[in-house]
1. Counting residues that are among the aliphatic types (A, V, I, L, M) and surrounded by 13 or more Cβ atoms within 10 Å (Cβ to Cβ), which helices (runs of 4 or more DSSP H) fully inside segment 180-294 reach at least 2?
2. List the pairs whose first member sits in segment 75-103 and is on the phi < 0 side of the Ramachandran plot, whose second member is outside any helix (DSSP H, G or I) and hydrophobic (A, V, I, L, M, F, W, C), and whose Cβ atoms are under 6 Å apart, counting only residues at least 6 apart or on separate chains?
3. Consider segment 37-57. How many of its residues are surrounded by 14 or more Cβ atoms within 10 Å (Cβ to Cβ) and in a helix (DSSP H, G or I)?
4. Please count how many residues of segment 153-179 are outside any helix (DSSP H, G or I) and of a type outside the set (S, T, N, Q).
5. For segment 1-28, give me each residue that is loosely packed, with under 15 Cβ neighbours inside 10 Å and of a type in the set (A, V, I, L, M).
6. For segment 96-114, check the following and say yes or no: at least one residue is part of a helix (DSSP H, G or I), modelled with pLDDT under 90 and not polar (S, T, N, Q).
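The values are calculated or read from the model by the stated rules, or taken from the named source; none is laboratory data. Keep in mind that what you see is a predicted model, and the values were worked out from it rather than measured. Don't worry about glycine lacking a Cβ; one is built from the backbone with ideal geometry, like all the others, and counts go over all protein chains shown.
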Amino acid sequence: MNEELYSLAGRFISYLELEKRYSGHTCTAYRNDLFQFIDFITLNYGSTPVGDLTHVMIRSWLARLMEDTMTAKSVNRKISTLKSFFKFCLRQELIKQSPMIKVVAPKISRRLPGFIEEKGMRALEDNRSPADLQIFTDDFEGITHRLIFEIFYQTGIRLSELIYLQEFRVDNGNLSIKVMGKGGKERVIPISPALGAQINAYTDLKRSNLEVFERGVLLVHPHSGKRLYPKYVYLIVHKYLTDHQITTLKKKSPHVLRHTFATHLANNGADLNAVKELLGHSSLAATQVYTHTTIEQLKKVYKQAHPKA
């Protein structure tokens, strides 16, 4: 067993938790990647000290992963973990050079994000399905579910950000919400007067409908009053999108609503840098995937308007 590497991995994870303030989910992913790498090194190269690890050893591990049909995206995530780990080792002066400088990441075939057409989102907003049936009920449960969709679509926040959204972070005076994103980064997102009014009405209903509920949290379970949990929100989103035929997409998750938010902004002329800030992306590269829909819109306009199209 390579005690040195396992000990270093533990110190690195503690650094991510305490200093970088990464989420528990992210730290678990880093830990799993590192331990998998160390297991491979120990099995194939023995108790190799961190200073003796080479790019050849790392490449052999990555090659094994790809032989096991791991996707390029997953392999790249593991490469990112190792880059961060060896960068940490450099700062600790445990190595003189990172072996990752000679490791090339495999290319990813970028999938275009699925999104819901504007008419589908209008049906949810109007509370009338394509079959002209009421979508959300008028009781507290229905109002909670409707607000989940409204916040997702009008702000583009992530599932984790929705769950941990607190009442005091909603500023009705300035019509904005403050969201704590990845890496503890806070961003401010504007909201419409209508959404601000919906949130106000919901908080009043929450107090009149529930004797006990988790204080401070904006959205709570309509029956238990506890903070929403990811599986519950996923099932709610999937159910409404499926039962009311809002979209033909196979994937009907909360993240689709985030893609929809960004795609509709891009299609309607929003500056890509503004979309990047609203989504909380660290780089513009992650946001540029949404330009594909704008190009599709341009093609449609061209075909409709140009005499030679």
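1. It comes to 193-209, 230-243, 254-267, 272-279.
2. Close Cβ pairs (under 6 Å, with a partner that is outside any helix (DSSP H, G or I) and hydrophobic (A, V, I, L, M, F, W, C)) amount to 76/105; 79/105; 89/95; 99/53.
3. Qualifying residue count, segment 37-57: 10.
4. Initial filter on segment 153-179 (outside any helix (DSSP H, G or I)): 156-158, 164-166, 170-179.
From the residues that got through so far, the ones that are of a type outside the set (S, T, N, Q) too are 156-158, 164-165, 170-171, 173, 175, 177-179.
The total comes to 12.
5. 1, 18
6. Within segment 96-114 (the criterion being part of a helix (DSSP H, G or I), modelled with pLDDT under 90 and not polar (S, T, N, Q)), the answer is no, since none of the residues qualifies.
Okay, residues lined up against (1) in a helix (DSSP H, G or I); (2) at pLDDT below 95; (3) among the acidic types (Asp, Glu):
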residue	(1), (2), (3)
132	no, yes, yes
138	no, no, yes
141	yes, no, yes
144	yes, no, no
148	yes, no, no
151	yes, no, no
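Let's see how each residue does on (1) in the same structural domain as residue 218 (by TED's automatic domain parsing); (2) aliphatic (A, V, I, L, M); (3) modelled with pLDDT under 95:
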| site | (1), (2), (3) |
| --- | --- |
| 162 | yes, yes, no |
| 166 | yes, no, no |
| 178 | yes, no, no |
| 181 | yes, no, yes |
| 184 | yes, no, yes |
| 197 | yes, yes, no |
| 205 | yes, yes, no |
